[in-house]
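So the structure is just underneath, and the comments pick up after that.
Coordinate-derived values only; no laboratory data. In this text, all values refer to a predicted model and were calculated from it rather than measured experimentally. Using ideal geometry, Cβ is built from the backbone for each residue, glycine included, and neighbour counts are taken over all protein chains shown.
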């Protein structure tokens, strides 16, 4: 399957200080990348909440960020607040983003840096003639894989790195130097302070779960649906309340553990 992603935009980060400057702001290390490399990272608030996530590509003259198109101008403004005297420029550039998944995607581009099972990613290349899937097809595939995106799935300023599973999806380098929000992020990971995570859910009777739907474990609130459509939803759930889930109206909801998520991340000792 090949889909064009018109909901994505490209930002170039160039200038003498581009790499070291961005490295000091975001959750991922970009020092040492070579042209063509892809990595996954995020910008956090000083309090450690997610503001934006992106795919990072090393280019010959700096870096290219594959970002949510609707929030790209805001991300540029936020990044430029930290420019100070650094020799760096952040600006939108033309280009396309394509996602490729399925058995025939292997030779078509580098693996998505979040999880290889998500497929391949083509950033900034000319449009592909063989597009045979829609943006909706890709979003459904991504959500069924249990992988959230900050802007598209309503997580901006509402979730921490570990809640959105960036610690499990190659989105954080816990061994790098300082970055914005590092103290909270490191403390939650180091002190086992992870109480909630995003997980894929679906009603047993089929259909959709609307964003904002409250999920219950008995009489206890277990979490909330953050995004969902066409039978593929993501919910932020408390790890100590992952038993029998239902909506307030009594619809039974099933959750699944993604293939990339170790059982220990949910407090389980075996695969199920």
Extension gain, residue 86 back to residue 254 (0.36 nm per residue minus Cα-Cα distance, nm): 55.5 nm
Binned Cα-Cα distances of the range 121-272, short to long, each 10 Å bin given as a whole percent: 10, 37, 34, 15, 4, 0
Spread of Cα-to-Cα distances over 5 Å intervals beginning at zero, given as percent, for the range 195-266: 3, 18, 33, 26, 14, 5, 0
Whole-Å distance, taken between Cα centres, linking the range 174-188 and the range 1-41: 19 Å
Overall dimensions of the range 5-154 as given by Cα atoms, namely Rg and Dmax in Å: 15.1, 48
Spatial extent of the chain: Rg and Dmax, with the Cα atoms as the point set, Å: 18.7, 58
Ellipticity estimate at 222 nm from DSSP helix runs (n ≥ 4, -39,500 (n - 2.57)) divided over the chain, nearest 500: -3500 deg cm²/dmol
Residue 103 paired with residue 195, simple spin-label distance in nm, labels 7 Å along Cα-to-beta-carbon: 4.6 nm
Segment residue 45-residue 208, length gained on full extension (0.36 nm per residue, minus Cα span): 55.5 nm
Computed E for residue 219/residue 16 - FRET, C-beta separation, R0 51 angstrom, nearest 0.05: 0.30
Choice from 186, 77, 12 with maximal GNM fluctuation in the chain (Cα, 10 Å cutoff): 77
Rounded tilt (10° steps) of 135-144 against the dominant C-alpha axis of the chain: 60 degrees
Model label zone, residue 74; criterion: amide N under 14 Å from point 7 Å along Cα-to-beta-carbon; scope the range 144-183: 150-159
